[in-house]
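*Asks:* Structure incoming, see below.
The values are calculated or read from the model by the stated rules, or taken from the named source; none is laboratory data. Since we're looking at a predicted model, the values are computed, not measured. Every residue, glycine among them, receives a Cβ derived from its backbone with ideal geometry; neighbour counts consider all protein chains shown. Surface areas here come from the heavy atoms of the whole protein model, side chains and all, with no ligands, DNA or RNA. Shrake-Rupley method; radii C 1.70, N 1.55, O 1.52, S 1.80 Å.
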Amino acid sequence: MDLVDPAFNLAGFFERVAAAERRVLLLDYDGTLAPFTLDPAQAVPYPGVCARLDALMEAGHTRIALVSGRAVASVLPLLDLRRPPEVWGSHGWERLLPDGRYRMQPLPPPELEALDAAGRALEAGIPVRLERKPAGLAAHWRGAPAAAIEGIRVRIVAAWEPLAREAGLELHPFDGGLELRPQGLSKGDAVNTVLAEAGIGAVAAYLGDDLTDEDAFRAIRDVGLGVLVRQELRPTAASVWLRPPGEMLEFLDHWGKRWPAP
């Protein structure tokens, strides 16, 4: 683990975690808990992840919340956990609680129509995989030849920008594609909601890898720890950088410790 913010006291943070009765661990999925794959239905967690999450949930001191750009329905089949976690999907537009209660923030009809039109606009020959979500549309070019990616990106932007302007949608780049989604909610809003519910005294961290996780890093920066999880460092609002899977698993092990040690 490496410090991005040299002023951050990582050892002191883990001491606070180990002493805390209430801990909140917020986790992105793709690129953080699981490696990227060409077929997202095969993106299962790194070996050892589910066992560690099971142990944390069974210990009773940690609230686990997955915060993903995926739809909730596409996250759940990939997890082999003994008990269901809390899952935020579609960058905060969906929420599934462990007891099965589900909430979806409704989209106005003009935005839904614009997303449908954006999907049709890319069905005419642009070589991408379209991922339709309850509150967004993602075009993935992962696996395309490197020399072709910029041309693909330009064609997507040309097709989507007019629809985005008309309907008040936003274009967001991510690692391996471009997403069209509504304004108003982000992973940062999910983080703020969970932290407000946890209350004063809870110790919290957010682990994520992508540009879409920067809203969450900014939301948690003054009250907890943001952790960038990726092989190469990039500019980020996170305070710590670690490389998956080894350092990410090490972080989860540290998180589960008690202080002082028995």
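*Asks:* Could you check how many residues of region 34-78 are closer than 21 Å to residue 203 by Cα and acidic (Asp, Glu)?
*Replies:* The qualifying residues number 2.
*Asks:* Determine if region 28-41 includes at least one residue that is β-branched (Val, Ile, Thr) and more than 19 Å from residue 177 (Cα to Cα). Break it down stepwise before answering.
*Replies:* In the first step, residues of region 28-41 are kept if they are β-branched (Val, Ile, Thr); the result is 32, 37.
So of that shortlist, the ones also more than 19 Å from residue 177 (Cα to Cα) come out as none.
No: region 28-41 contains no residue that is β-branched (Val, Ile, Thr) and more than 19 Å from residue 177 (Cα to Cα).
*Asks:* I would also like to ask the following. Write out, first by first residue and then by second, each pair whose Cβ atoms fall under 9 Å of each other, whose residues are 6+ apart or on separate chains, and whose first residue, in region 108-130, is within 15 Å of residue 165 (Cα to Cα) while the second is part of a helix (DSSP H, G or I) and open to solvent by 80 Å² or more (accessible area, probe 1.4 Å).
*Replies:* The qualifying pairs are 110/166; 114/166.
*Asks:* Here is a follow-up. Filter the helices (runs of 4 or more DSSP H) completely within region 150-262 down to those with at least 2 residues that are open to solvent by 50 Å² or more (accessible area, probe 1.4 Å) and modelled with pLDDT under 95. I'd like the intermediate steps shown before the answer.
*Replies:* Numbers: elements: 187-198, 214-220, 246-255.
Per the criteria, 246-255.
*Asks:* Now a separate question. Which members of region 121-141 meet the condition of being open to solvent by 30 Å² or more (accessible area, probe 1.4 Å), assigned to a loop (DSSP other than H, G, I, E, B), in contact with a strand residue (DSSP E or B) (Cβ under 7 Å, 6 or more places away or on another chain) and modelled with pLDDT under 90?
*Replies:* 128 - this is the single residue of region 121-141 that is open to solvent by 30 Å² or more (accessible area, probe 1.4 Å), assigned to a loop (DSSP other than H, G, I, E, B), in contact with a strand residue (DSSP E or B) (Cβ under 7 Å, 6 or more places away or on another chain) and modelled with pLDDT under 90.
*Asks:* Hey, among 203, 240, which residue is of a type in the set (A, V, I, L, M, F, W, C) and more than 29 Å from residue 138 (Cα to Cα)? Spell out how you get there, then give the answer.
*Replies:* On the way: 240 fails: more than 29 Å from residue 138 (Cα to Cα).
Exactly one residue qualifies, and that residue is 203.
*Asks:* For region 219-246, which residues satisfy the criterion of being out of contact with any strand residue (DSSP E or B) (no Cβ under 8 Å at 6 or more places or on another chain) and of a type outside the set (Gly, Ala, Ser)?
*Replies:* Those that are out of contact with any strand residue (DSSP E or B) (no Cβ under 8 Å at 6 or more places or on another chain) and of a type outside the set (Gly, Ala, Ser): 221, 222, 231, 232, 235, 245.
*Asks:* Please work out if residue 118 is under 21 Å from residue 88 (Cβ atoms), surrounded by 15 or more Cβ atoms within 10 Å (Cβ to Cβ) and touching a Phe, Trp or Tyr at 6+ places or on another chain (Cβ under 8 Å). Outline the logic, then answer.
*Replies:* Numbers: under 21 Å from residue 88 (Cβ atoms): no; surrounded by 15 or more Cβ atoms within 10 Å (Cβ to Cβ): yes; touching a Phe, Trp or Tyr at 6+ places or on another chain (Cβ under 8 Å): yes.
So residue 118 fails the test.
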